[in-house]
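As structure tokens, the structure follows; a few thoughts come after it.
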Amino acid sequence: MADGMVLPAIIPAKSSRALWRGPEIAASSDWLFRLSDDAAAEIRSCMAPFKGRDISPDDLTEADFPAPKLAAELAPLSLEISDHGHGFAVLKGVPIDGFEGRDFEIIHWAIGKAVGPVVTQGGSLGYIAHVRDLGNDVSKSYYAQVGGPLPMHKDPIDLAALLCLKAGRSGGTNLLVSAAALHNHLLERRPEILERLYTGYFHSSQPEETGNPAITAERLPLFIQQNGHTFANYLQAPIYRAVESGKVSLSAEEQEALEVFDAEALSEDLTIAIDAEPGDVLFLNNRTVLHSRTHYQDFEALEDRRHLLRVWMNMPAWDRLPPGSFHYAMSEDGKEKIFMPDLLGAG
Ligand SMILES: [Fe+2]
């Protein structure tokens, strides 16, 4: 939103399945799914030609992994992670025993594509991102390759799914918050902060991939309301990187609004805490839910460290978000990447 524009009146997010408070739904099982033995066996059967052969899912096509039972079984989960459900789900019981190396990548790609079209994640990341602490600096790397806690954020895509391979020594809990609940929480307690978040922030962008300027031409709002939905549109790193570039600055009020957002998004009466075990997949709707990670203690050896695989799915049948939403997507020819802020710090 450009400077000087008048903001529309901010209205509360309406009651829906996407509006939830963590403590209230933590005890429910709406979002908990377990893969049947039949579907697990189907995965093992489909994996037989690839097992132990170091084949990348980037080299496979839909026809290489026919898994109708898996697709049918994930249909209710797909509804739960849509804009009309709670926006997240945990799938337990994915068969990982007996597999190694790139086998896990193919299994996770197959699970992702059973829900929606899996897209590449840009930069050096292909269809599969390895979420693991490589000792990188967060300001110069993807979130996927740094350790420690992460602030609440969205991945810049409709859906993300994380397959846990190793849980680390302790900690690393996923904290999720409903965008609609956070929106109303701020509207009640800090309406002036919410107004600032709607006015939005300049973000750094990635000219080499998109042709967009290095700083977004306009401020991008951190909340979006569209067709009765309330979406969050927040990834901290591109905002701060825009400031670090020296091309824009943050006023004290803008800085405060980000800090309030970060803190309130972690409110215990809003978030749900989810610890993943090996074989669990956490599905995230990045429009209606924000996610974060608590601090964790890891093991020293790389092969023992906390390790998750991530896929991103773009859902062309879903309502498209307005231009102020930053989003990574395939163009109509299925090739070109469209993305507003840069990918560093994403996901
Ligand atoms: Fe993320």
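Taken together, the values in this text are just the output of simple stated rules run on the coordinates, not laboratory data. Please read all numbers here as calculations on a predicted model, not as lab measurements. All Cβ positions, even for glycine, are placed from backbone atoms using ideal geometry, and neighbour counts span all protein chains on display.
Figures for the structure shown
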item: In nm, spacing of pseudo-spin labels at HIS84 and GLU300 (7 Å Cα→C-beta vector); result: 5.4 nm
item: Size of electric dipole in the chain: Cβ of Lys, Arg +1 and of Asp, Glu -1, about Cα centre, debye, nearest 20; result: 200 debye
item: Note, ³J(HN,Hα) from phi for segment 13-21, Karplus 6.51, -1.76, 1.60, rounded to Hz, x at Gly and Pro; result: 4, 7, 4, 6, 5, 6, 9, 9, 10
item: Cα shape, segment 32-127, gyration tensor, a/c 1.5 rule; result: oblate
item: Phi-based couplings in Hz for segment 112-118 (Karplus 6.51, -1.76, 1.60; Gly and Pro marked x); result: x, 6, 6, 9, x, x, 7
item: GNM flexibility winner over the chain from LEU162, LEU302, LEU77 (Cα, springs under 10 Å); result: LEU302
item: Cα centroid separation, segment 80-103 to segment 49-65 (Å); result: 19 Å
item: Spin-label pair ALA63/ALA217, simplified geometry with 7 Å Cα→Cβ offset, distance in nm; result: 4.3 nm
item: Nearest-0.05 FRET efficiency for ASP54 and ASN227, computed from C-beta distance (R0 35 Å); result: 0.20
item: Karplus-derived HN-Hα couplings along segment 101-108 (A = 6.51, B = -1.76, C = 1.60, θ = phi - 60°), whole Hz, x at Gly and Pro; result: x, 6, 3, 4, 4, 5, 4, 6
item: Theoretical gain in end-to-end length, GLU192 to HIS130 [0.36 nm per residue, Cα-Cα removed]; result: 18.4 nm
item: Dipole-positive endmost among LEU32, GLY126, PRO66 within segment 22-338 (Cβ charges, Cα centre); result: GLY126
item: Too-long pairs where the Cα-Cα distance tops 29 Å, listed order kept, from LYS113/LYS154; LYS14/LYS92; LYS92/LYS154; LYS154/LYS247; LYS113/LYS247; LYS69/LYS166; result: LYS14/LYS92; LYS113/LYS247
item: For segment 126-183 and segment 252-325, distance of Cα centres in Å; result: 6 Å
item: Over segment 22-338, volume per residue of the alpha carbon convex hull, in Å³; result: 136 Å³
item: Built amide H within the under 5 Å cut-off of ARG34, gap 5+; result: LYS92
